[in-house]
Amino acid sequence: MSAASWTGLLRTAARPASWTAQARAPLASRPNWARIASQHRNLSQDARNKIDGVVNKHPLVLFMKGTPSMPQCGFSRAVCQILEVQGVPEEKIVAFNCLEDQELREGIKEYSSWPTIPQLYIGGEFIGGCDIALQMHQNGELEKLLVEKGLVEAEGTAEPGAEA
């Protein structure tokens, strides 16, 4: 048997019979994926209002796995480290541990239309996850935004009473 034959045989054997039957079924008899997806909405209007309130009330909000002092995910840890390197004081970070609340964990993904956690919000606007935060950190955009929102001082600006 050739390698191509083995691959096809393995693919067929690995998928459930229902997938094969569904793939062969006429389009009209296949499930309506939009209907199925809408059934999996987890965010209640109450939860949406709570998230809106928090995101709009605080200048910096981080939905993460764990806490800033004890992240429980490498990506959450990376965002916390980026904020630390940028000079954001920990007391200015309003963080929510998504591992403690299943509705929040699933709901925040729907709220932002972003599939992963952590999620960073600055000035009421969704910034992104770890990859976006890292990219903005590297190209200087994050520092500009943090200075603009008053979360950190501009580089080279001395604090009152500090020695030069």
* Structure fact -> How many residues of the range 63-91 are closer than 13 Å to Val152 by Cα and free of Cβ contacts under 8 Å to residues at least 60 places away in the same chain? The answer is 6
* Considering (1) surrounded by 17 or more Cβ atoms within 10 Å (Cβ to Cβ); (2) touching a strand residue (DSSP E or B) at 6+ places or on another chain (Cβ under 7 Å), say which one Val94 fails and leave the rest. => (1)
* Mind checking whether some residue in the range 46-66 is outside any helix (DSSP H, G or I), more than 21 Å from Glu91 (Cβ to Cβ) and either within 17 Å of the chain's Cα centre (by Cα) or modelled with pLDDT of 95 or more (or both)? -> no
* Structure fact -> In the set Leu60, Leu99, the lone residue that is in contact (Cβ under 8 Å) with a residue 12 or more places away in the chain, surrounded by 14 or more Cβ atoms within 10 Å (Cβ to Cβ) and farther than 30 Å from Glu153 by Cα is Leu99
* Selected residue [within 11 Å of the chain's Cα centre (by Cα), part of a helix (DSSP H, G or I) and at negative phi] from Ile132, Ile127, Ile117, Ile82 -> Ile132
* Asked: Any residue in the range 69-79 that is of a type in the set (S, T, N, Q), at pLDDT below 95, closer than 25 Å to Ala47 by Cβ and surrounded by fewer than 18 Cβ atoms within 10 Å (Cβ to Cβ)?
  -> no
* Structure fact -> From the option list Gly107, Gly128, Gly140, single residue qualifying as at pLDDT 95 or above, of a type outside the set (A, V, I, L, M), open to solvent by less than 30 Å² (accessible area, probe 1.4 Å) and over 16 Å from Ser76 (Cβ atoms) is Gly140
* What about Arg11, is it touching a Phe, Trp or Tyr at 6+ places or on another chain (Cβ under 7 Å), part of a helix (DSSP H, G or I), open to solvent by 60 Å² or more (accessible area, probe 1.4 Å) and modelled with pLDDT under 95? -> no
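The values are calculated or read from the model by the stated rules, or taken from the named source; none is laboratory data. Computed from a predicted structure; not experimentally measured. Virtual Cβ from ideal backbone geometry, glycine too; neighbours counted across all protein chains shown. With ligands, DNA and RNA removed, areas are computed over all heavy atoms of the protein, side chains included. Shrake-Rupley method; radii C 1.70, N 1.55, O 1.52, S 1.80 Å.
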